[in-house]
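The values are calculated or read from the model by the stated rules, or taken from the named source; none is laboratory data. On a predicted model such as this, the values are computed, not experimentally measured, just so you know. Cβ placement follows ideal geometry from the backbone for every residue including glycine, while neighbour counts extend to all protein chains displayed. When the accessible area is computed, the model is the full protein with side chains, heavy atoms only, and any ligands, DNA or RNA have been set aside. Shrake-Rupley method; radii C 1.70, N 1.55, O 1.52, S 1.80 Å.
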Amino acid sequence: MQALRFDRTGDLDALESKEVTAPEPGENDVVVRVVASGLNPSDVKNVEGAFAYTTVPRTPGRDFSGVVSRGPAELVGVAVWGTGKELGFVRDGSHAEYISLPRTGVSRKPEALGFEQAAAVGVPYTTAWSAFERSGVVAGTSVIVIGAAGAVGKAAMDLATWRGARAVGVVRRREQATVLEGHGHHSLVVEHPAALADEVQAAYPGGAEVVFDTTGAYLVPSIAALAVEGRIAVIAPPPGGTVELPVLALYRKGGVIVGINSLLYDSTQCAKMLDRIGAGFEEGRLAPPAGFVVTPFSKAVETYRAVKSGGAGKHVLVMGH
């Protein structure tokens with residue numbers, strides 16, 4: 001089969017597409033014929049050596065959709081999707097024609113989604129789902145999503161609306177706000193982090209109950225934007241990885257900072273999340289993912305380089321079966 005492989009980490013020169021032996025399923029595994037696979041910034045960082053626990057040689061890739069080709073009889077031929085922390089790191093991932101993983105690590109693909117749409121869900125939606133579960137976003141919660149134009153931000157806006165929360169997306173450019181508003185979402189254009197608190201207070205007098213920062217650049221101003229006993233969910237570090245916090249302001253509000261890391265959850269845990277998220281798509285209460293870039297697998301290495309150079313949006317690789 002054709003697969004992306006890297007036998008060392010450090011830079012993208014290690015990544016190549018090559019012919020390798022198709023995987024054999026273990027006793028409790030399934031083999032999935034990959035139809036489409038998502039490409040996330042973390043996949044690029046993985047090849048570059050950002051994760052010390054990665055073992056090589058390795059096939060990268062976390063998100064996928066496809067059809068079970070080998071495994072229990074009741075699953076063979078079933079359309080599935082999945083993602084998980086082990087895929088592409090300590091177990092061969094989805095940027096290949098076939099992937100082997102635990103039978104409990106796949107979820108039935110919603111019929112409401114095509115394979116390409118399903119492959120765009122994985123990391124962005126499970127990250128946003130985890131953020132909202134852990135920060136207590138329920139019906140009526142006032143939510144600010146910073147970086148709402150990105151893949152995780154878009155997922156968060158849709159998931160917040162599905163949960164019945166009152167969500168406002170923060171972006172830096174007017175054209176990004178126009179796109180959000182075209183999808184029925186409220187938005188704020190905040191060009192500089194220092195302006196965040198005033199803008200949020202205008203939208204939510206008294207502050208937002210939850211601020212979800214998908215960028216890593218707004219942690220400090222988010223504290224001023226919080227309501228009493230508000231929560232800040234963060235998924236990315238600020239430049240340099242550290243920041244000085246106004247702890248006095250945080251504790252006077254009874255505020256909480258919640259770290260969100262999608263690499264805490266294996267494929268089995270993610271399959272359970274996808275079961276719940278998939279219900280939203282099947283019920284028509286979640287709109288199918290849109291705006292992602294579809295690329296043939298033959299151009300996968302070039303696509304990795306495009307993502308590294310700052311190529312915006314979510315990328316989906318399509319296999320040429």
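Among the listed residues ARG285, ARG252, which satisfies the condition of being among the charged types (D, E, K, R) and closer than 25 Å to TYR218 by Cα?
Checking each option against the conditions leaves just ARG252.
Working only within region 84-108, note down all residues that are β-branched (Val, Ile, Thr), open to solvent by 10 Å² or more (accessible area, probe 1.4 Å) and either farther than 27 Å from VAL234 by Cβ or not in a loop (DSSP other than H, G, I, E, B) (or both).
THR104, VAL106, listed by residue number.
When only residues in region 150-163 that are open to solvent by less than 40 Å² (accessible area, probe 1.4 Å) and without any contact (Cβ under 8 Å) to a residue 40 or more places away in the chain count, which is farthest from the chain's Cα centre (by Cα)?
Here the answer is ALA160.
Which of the residues spanning region 209-255 are open to solvent by 10 Å² or more (accessible area, probe 1.4 Å), touching a helix residue (DSSP H, G or I) at 6+ places or on another chain (Cβ under 8 Å) and not in a loop (DSSP other than H, G, I, E, B)?
VAL220, PRO221, ALA224, ALA227, VAL228, GLU229, ARG231, VAL234, ALA249, LEU250, LYS253
I need every pair where a residue in region 64-83 that is of a type in the set (Lys, Arg) has its Cβ under 8 Å from the Cβ of a residue that is open to solvent by less than 20 Å² (accessible area, probe 1.4 Å), sequence separation at least 6 or different chains.
These pairs meet every condition: ARG70/VAL30; ARG70/VAL31.
Of everything in region 256-265 that's of a type in the set (A, V, I, L, M) and open to solvent by 50 Å² or more (accessible area, probe 1.4 Å), which residue is farthest from PRO193 (Cα to Cα)?
The qualifying residue farthest from PRO193 (Cα to Cα) is LEU264.
Please go through region 109-128 and give me each residue that is open to solvent by 10 Å² or more (accessible area, probe 1.4 Å), farther than 12 Å from LEU274 by Cβ, touching an Asp or Glu at 6+ places or on another chain (Cβ under 8 Å) and not charged (D, E, K, R), ordered by number.
Answer for region 109-128, where residues must be open to solvent by 10 Å² or more (accessible area, probe 1.4 Å), farther than 12 Å from LEU274 by Cβ, touching an Asp or Glu at 6+ places or on another chain (Cβ under 8 Å) and not charged (D, E, K, R): just ALA112.
Go through (1) closer than 30 Å to GLN201 by Cβ; (2) among the β-branched types (Val, Ile, Thr); (3) surrounded by 15 or more Cβ atoms within 10 Å (Cβ to Cβ) one by one and return the number of the condition THR268 breaks.
(1)
Among the residues of region 57-83, write down those that are among the charged types (D, E, K, R) and buried (at least 17 other Cβ atoms within 10 Å of the Cβ).
Listed by number, the residues that qualify are ARG58, ARG62, ASP63, ARG70.
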